[in-house]
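The values are calculated or read from the model by the stated rules, or taken from the named source; none is laboratory data. Given the structure is predicted, the values throughout are model-derived calculations rather than measurements. Counting neighbours? That spans all protein chains shown, and the Cβs are built from the backbone with ideal geometry, glycine included.
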Number of protein chains: 2
Amino acid sequence: MEIAGFIESSQKQYLPNMSVDMVIIAYEEGRLKALLLRIRDKWLLPGGYIGKEESVDHAAGRILRERTGIDEPHLKFLAVFGDGQREFRQEWMEFFQSKNIPWREDYWFNNRFVTLTYYSLIDITQTTPVKGVMDEEIAWFDFDELPDMWMDHLDILQTARARLKEDLKHEHITHNLLPDKFTMPELHQLHQVILREKLDRSRFQKKMLASGLLERLPKLQNDTPGRNPFQYRVISPEA
Amino acid sequence: MEIAGFIESSQKQYLPNMSVDMVIIAYEEGRLKALLLRIRDKWLLPGGYIGKEESVDHAAGRILRERTGIDEPHLKFLAVFGDGQREFRQEWMEFFQSKNIPWREDYWFNNRFVTLTYYSLIDITQTTPVKGVMDEEIAWFDFDELPDMWMDHLDILQTARARLKEDLKHEHITHNLLPDKFTMPELHQLHQVILREKLDRSRFQKKMLASGLLERLPKLQNDTPGRNPFQYRVISPEA
């Protein structure tokens, strides 16, 4: 059986007290969204464990690729969540019972786990969400309409939401949330959504153009009459 | 014997694959300094382990207090260092041999360790450095004159040095490195040292005063004739 097999092999394969959790963030129709998984009646962040000889960076990249299908996703460290009693014994026990899989007290994922959390800004149109062996469903949730979640996973999500706002103030990149080519109104709206505040449109445009990070593309969009039709893309560091 | 006793008790007490390392940074005579420990002929960062039911935050605070004697030290997360082969088997084996303590292959600190690193900006005049049970010496080192260090500890130090510069750009606080009361020339010099660049004195003063974070104290210093004698202190958030 698939789950039983996973438990058997994972017991030896992974570091015993450490997990990785991912806040995978996308932007669609003016809303910020997070990719979540359902186990029974609650939702959790995509996550996984670190192989005994695997680097933490490799584990994070692997877990993110597995759930999004993206080859080289944006990935940034968020924070350590390390409460002394951080364990999911009860949740796993109920899950196993619901699947009629024998439960054992000494299963390693009953341990206390320190979780290393990351966030990733992705282009939703490039993503193919894939659930893991334990998961019953995978779905995008609006940050303003989050479901019931496992233990501190809501806290992790909110920490990522706040970090995104902080990053933007320090002029970190956010274009990962947009397609390769985007218009100034699209970028303007994204910044407004992240900051939760109105930004003067012409001052915003001036600031973005002055940053030297954007390249205006020669081709015109013809499906948005009455608006600035130019498309932009981010100048890649190699260029 | 003290070391043998520590090993015996620590085997059961701590999480098996995770450590905490501290970059403790001070500022003295125009130089940035880090507090390091010596074991045999190499130096390492102050560090420790996380109790099986202890929160990561608590462990970090405890380790920092033990080495500095400061009650409520500044403490900020730096980064995870998680290479797949990150272990100190060889170093510990040589240390044990040098002390004539029996060596065992299955000692838990031979494990691969993911280390959670932090940095702390402290006032050197308020610090009482204390070495741990394994350490042979504790000393301050100029960041520009660092000694031979264990594995990736130099890398961790340099990451902290770079973060300090980054933090300053984002106008994070640095006054933890100064005594409670300081003069504008002292603050100016500190910023120059951190950024490794000259800062125009009067523009710097204007910017600092405009920040609204500093309070000018009424009392004059009388030991620095010819300079701006005013002292400042940081307005505490509660005030």
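Of the residues making up the range A:38-58, those that are surrounded by 18 or more Cβ atoms within 10 Å (Cβ to Cβ), more than 7 Å from chain B (Cβ to nearest Cβ) and out of contact with any Phe, Trp or Tyr (no Cβ under 7 Å at 6 or more places or on another chain) are A:Trp43, A:Leu45, A:Pro46, A:Gly47, A:Gly48. The number of residues in the range A:59-78 that are within 14 Å of chain B (Cβ to nearest Cβ), under 27 Å from A:Gln189 (Cα atoms) and crowded, with 17+ Cβ neighbours inside 10 Å comes to 2. The set of residues in the range B:125-151 that are surrounded by 15 or more Cβ atoms within 10 Å (Cβ to Cβ) and part of a loop (DSSP other than H, G, I, E, B) comprises B:Thr127, B:Pro129, B:Lys131, B:Gly132, B:Met134, B:Asp135, B:Phe143, B:Leu146, B:Trp150, B:Met151. Residue check: is A:Arg201 outside the structural domain of A:Lys76 (by TED's automatic domain parsing) and surrounded by 13 or more Cβ atoms within 10 Å (Cβ to Cβ)? Yes, satisfied. Going through (1) of a type outside the set (Asp, Glu); (2) at negative phi; (3) assigned by TED's automatic domain parsing to the domain that holds A:Ile25 one by one, A:Leu187 falls short only on (3). Assess whether A:Gln158 counts as being more than 19 Å from A:Leu217 (Cβ to Cβ), without any contact (Cβ under 8 Å) to a residue 12 or more places away in the chain and under 16 Å from the mean Cα position of the chain (by Cα). Spelling it out, A:Gln158 is indeed more than 19 Å from A:Leu217 (Cβ to Cβ), without any contact (Cβ under 8 Å) to a residue 12 or more places away in the chain and under 16 Å from the mean Cα position of the chain (by Cα). Filtering the range B:80-110 to residues that are surrounded by fewer than 18 Cβ atoms within 10 Å (Cβ to Cβ), within 14 Å of chain A (Cβ to nearest Cβ) and not charged (D, E, K, R) leaves B:Gly84, B:Gln85, B:Trp108, B:Asn110.
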